[in-house]
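The values are calculated or read from the model by the stated rules, or taken from the named source; none is laboratory data. Small disclaimer: the values here were computed from a predicted structure and weren't measured. Methodologically, a virtual Cβ is constructed for each residue, glycine included, from the backbone with ideal geometry; neighbour enumeration extends over all protein chains shown. We work out accessible area using only protein heavy atoms, side chains counted, and drop any ligands, DNA or RNA first. Shrake-Rupley method; radii C 1.70, N 1.55, O 1.52, S 1.80 Å.
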Amino acid sequence: MNIILLGPPGAGKGTQAGFLVENRDMMQLSTGDMLREARTSGTEMGKKVAAVMDAGNLVTDEIVIGLIREKLEAGDAKGGYIFDGFPRTLAQADALGELLDELGQSLDMVIELEVNDDVLVDRIVGRAKEAAAAGQSVRADDNEESLKIRLMAYYKQTSPLIGYYYAKGHLKSVDGLASIEDVAQSIAQVMDSI
Ligand code: AMP
């Protein structure tokens with residue numbers, strides 16, 4: 001089964017993807033993780049996207065579609081793929097559809113994590129504080145200034161995907177404000193319903 005986890009920054013997509021990897025042998029494809037990895041390893045592309053990411057803006061469709069194409073062409077995810085943080089624009093969504101078609105695969109479901117904005121801001125600012133307290137490095141874009149831009153990018157560029165996938169009959173929404181365990185259970189329920 002191939003699924004997309006859709007929701008604003010801080011909605012819990014990464015956490016829930018982690019559970020699905022463990023419990024269902026799925027492969028998580030997080031473009032955010034891939035881009036951070038490119039930065040750490042100092043590739044040309046990594047250097048190019050650094051400032052854009054830190055500010056909280058989206059990197060170009062071309063770059064992220066290229067990253068996803070590479071993974072899909074290389075991989076055989078036994079339990080299927082979880083797209084986490086991708087697609088984030090309508091052009092990315094169209095490209096994903098075409099890529100999956102080319103590879104003889106399909107998208108089974110888009111799971112939207114519904115949350116509210118006040119909670120997001122608290123979660124992300126909290127995530128930065130926790131990481132700092134534990135001596136871990138804090139994501140450069142986990143600060144209030146970048147967060148506002150990330151939220152705006154979500155509403156302007158990514159939230160139209162909710163209507164797009166609804167119209168395609170792929171959308172399932174779960175309450176992302178419930179406890180982590182309850183959200184995991186809701187996701188399991190919708191996945192097991194098809
Ligand atoms: P994330 O870890 O998903 O919150 O992504 C961190 C940052 O990476 C985002 O704020 C963007 O700058 C960039 N990014 C990740 N995924 C995408 C994407 N699908 N399209 C454009 N930019 C992305």
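Working out 0.36 nm times the residue gap between ASP192 and VAL138, then minus their Cα-Cα distance, what length gain in nm do you get to one decimal? Please list the in-between numbers first.
Working: separation 54, 0.36 × 54 = 19.44 nm, distance 3.58 nm.
Stretched out fully, the ASP192 to VAL138 stretch lengthens by 15.9 nm.
Using θ = phi - 60° and the Karplus curve 6.51 cos²θ - 1.76 cosθ + 1.60, what whole-Hz ³J(HN,Hα) does each residue of segment 116-130 get, with Gly and Pro shown as x?
With coefficients 6.51, -1.76 and 1.60, one gets 10, 5, 4, 5, 4, 4, 4, 5, 6, 5, x, 4, 5, 5, 4 Hz.
So how far apart, in nm, are the two label points at ALA131 and LYS148 if each is 7 Å from Cα heading toward Cβ?
Here the answer is 2.1 nm between the modelled labels.
Using the heavy atoms of the protein chains alone and a 1.4 angstrom probe, what is the accessible area of segment 1-99 per residue in square angstrom?
Ligands and nucleic acids excluded, the result is 45 Å² per residue.
So for the chain, considering every pair of alpha-carbon atoms, how many percent are separated by more than 27 Å?
26
Given a cut-off of 24 Å, name the pairs among LYS148/LYS168; LYS47/LYS71; LYS129/LYS156; LYS48/LYS172; LYS71/LYS156 whose C-alpha atoms lie farther apart than that in the structure shown.
The pairs that break the limit, which is 24 Å between Cα atoms, are LYS148/LYS168; LYS129/LYS156; LYS48/LYS172; LYS71/LYS156.
In square angstrom, rounded to the nearest 10, how much accessible surface does LYS48 have for a 1.4 Å probe?
Per-residue accessible area (LYS48): approximately 150 Å².
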